[in-house]
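The structure under discussion appears below in the form of structure tokens.
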């Protein structure tokens, strides 16, 4: 979810709002708006005619996310925009651009950033009265190839996969582009750390894939398109996918349980939805068979692990596809590989062997702050709870997989999938503690991010931060509270 501020939230809550958009081109002293704002940083010209785009989606099990862009239509009043383009020998191609949103009466300092990206498209409208600037997020840079020259000399890399990701994104060969500038310029992309949320990616690594728990080793013999290689070799095996922050920085998101005590998300209820939502049991999305290929020897994969949810297969039949995950980085020689592969397969079957419910709806403009990948609670009196056999869903946790914003009419369209996290309300507790399983006697450490509260008497599965199941037991009162590790 995008961060907000009190002034923005107050204005968003008014019944009648007029939305303001601002376009800033890096290095320019004039900005373009559709309505006036207070205390602007630069000179303002009310030339912004229209803003469209930024439909974003994710494909959770494939580790893919769409490349987002917006199109800003700016009137060419007295040929001013044409003259502006002439001041740049590249005509604003790859010019860094910031898009902001707010409400009439707000100061610019309280407006929120919709996106920061680069100008990648430029054309005139059909009537030749305005210019259309296509502004694209930094994933566009990842269409470039990495491992350039690997056909002549093979490239070997190894380590924690998220460290490898950061190194391949930033390496320039000079060692000057941040802490992960490890490789020759021909190996990496050389992206400036200004466009990468290094701290957030490190946090995902430390909380979900720490140390050598998912150690990977590659020998590369050909050049690869960076984004496709990241999706195939890192994102899909780890069950993460790329995301872009409002500041235009690249990061990654894992599917993880919602922890309201330390995470801020928006909730969705009847009053937020415009008209009736659509409801789909989503039977075609079922996956109850998974194949994981690893131990690549340079020619082929030597190990295939196949698993199936027998109960789902016997009662529902096979899914429309067998999910295949192929990793050239995982090798049996590493002691953590078996667990990493088994856990990845288990997570797929836990979520997909019972088809995840799909819900779509239009919602109010303030909900654009929710982004693909957010896990949010859904409440609606008319949506059926088929498990209970009643009407009405309450705090049913679903993952946003598509968000489309109509910036002109101030509407948002959402599509969400069930996560399996709807069995209880998660909340972090501290300090770090030791939990002992009542059934096996096994003890393990539980950190702030690992712990959660449940009502006493509920049967819960206890997971660690990497979603590895540790035990199943009834939640009990402990140190004045209730607990269940994540």
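Just give me the residues in region 358-368 being buried (at least 20 other Cβ atoms within 10 Å of the Cβ) and at pLDDT below 95, in sequence order.
367, 368
Conditions (1) assigned to a helix (DSSP H, G or I); (2) in the same structural domain as residue 20 (by TED's automatic domain parsing); (3) in contact with a helix residue (DSSP H, G or I) (Cβ under 8 Å, 6 or more places away or on another chain), marked per residue:
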site: 67; (1), (2), (3): no, yes, yes
site: 71; (1), (2), (3): no, yes, no
site: 82; (1), (2), (3): yes, yes, no
site: 85; (1), (2), (3): yes, yes, no
site: 92; (1), (2), (3): no, yes, yes
site: 115; (1), (2), (3): no, yes, no
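Among 198, 204, which is over 26 Å from residue 70 (Cα atoms), buried (at least 17 other Cβ atoms within 10 Å of the Cβ) and modelled with pLDDT of 90 or more? Walk me through it before giving the result.
On the way: 198 fails: over 26 Å from residue 70 (Cα atoms).
Just a single option satisfies the conditions, and that option is 204.
Conditions tested, residue by residue: (1) over 28 Å from residue 11 (Cα atoms); (2) surrounded by 17 or more Cβ atoms within 10 Å (Cβ to Cβ).
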| position | (1), (2) |
| --- | --- |
| 60 | yes, yes |
| 66 | yes, no |
| 76 | yes, yes |
| 87 | yes, no |
| 102 | no, yes |
| 113 | no, yes |
| 118 | yes, yes |
| 124 | yes, no |
| 139 | yes, yes |
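Can you tell me which residue among 36, 50 is surrounded by fewer than 16 Cβ atoms within 10 Å (Cβ to Cβ), touching a residue at least 60 places away in the same chain (Cβ under 8 Å) and not assigned by TED's automatic domain parsing to the domain that holds residue 347? Step through it out loud before you land on a result.
Working: 50 fails: surrounded by fewer than 16 Cβ atoms within 10 Å (Cβ to Cβ).
After applying the criteria, what remains is 36.
Take residue 110 and tell me if it is within 19 Å of residue 410 (Cα to Cα), touching a helix residue (DSSP H, G or I) at 6+ places or on another chain (Cβ under 7 Å) and touching a residue at least 12 places away in the same chain (Cβ under 8 Å). Break it down into steps so the answer makes sense when it comes.
Values: within 19 Å of residue 410 (Cα to Cα): yes; touching a helix residue (DSSP H, G or I) at 6+ places or on another chain (Cβ under 7 Å): yes; touching a residue at least 12 places away in the same chain (Cβ under 8 Å): yes.
For residue 110, the condition - within 19 Å of residue 410 (Cα to Cα), touching a helix residue (DSSP H, G or I) at 6+ places or on another chain (Cβ under 7 Å) and touching a residue at least 12 places away in the same chain (Cβ under 8 Å) - is met.
Could you name every one of the strands (runs of 3 or more DSSP E) located completely within region 289-343 that has at least 3 residues being farther than 20 Å from residue 60 by Cα and not assigned by TED's automatic domain parsing to the domain that holds residue 228? Step through it out loud before you land on a result.
Working: elements: 289-296, 301-308, 323-326.
Of the strands (runs of 3 or more DSSP E) lying wholly inside region 289-343, those with at least 3 residues that are farther than 20 Å from residue 60 by Cα and not assigned by TED's automatic domain parsing to the domain that holds residue 228 span 289-296, 301-308.
Pick from region 209-232 the residues that are outside any helix (DSSP H, G or I) and within 15 Å of residue 254 (Cβ to Cβ): which of them is nearest to the chain's Cα centre (by Cα)? Let's see the steps before the verdict.
In the first step, residues of region 209-232 are kept if they are outside any helix (DSSP H, G or I); the result is 209-225.
Add one more test, that the residue is within 15 Å of residue 254 (Cβ to Cβ), and what stays is 209-210, 213-214.
Values: 209: 16, 210: 19, 213: 22, 214: 20 Å.
Filtering first and then ranking leaves 209.
Mind checking which residues of region 160-208 are assigned to a helix (DSSP H, G or I), without any contact (Cβ under 8 Å) to a residue 40 or more places away in the chain and closer than 15 Å to residue 146 by Cβ?
Matches in region 160-208: 166, 167, 170.
List the number of the failed condition for residue 371; all other conditions in (1) within 26 Å of residue 112 (Cβ to Cβ); (2) at pLDDT below 90; (3) in contact with a helix residue (DSSP H, G or I) (Cβ under 9 Å, 6 or more places away or on another chain) hold.
Status for residue 371: all satisfied but (3).
The values are calculated or read from the model by the stated rules, or taken from the named source; none is laboratory data. This structure is a prediction, so every number in the text was calculated from the model and none was measured. As a convention, Cβ positions derive from the backbone with ideal geometry for all residues, glycine included, and neighbour counts pool all protein chains shown.
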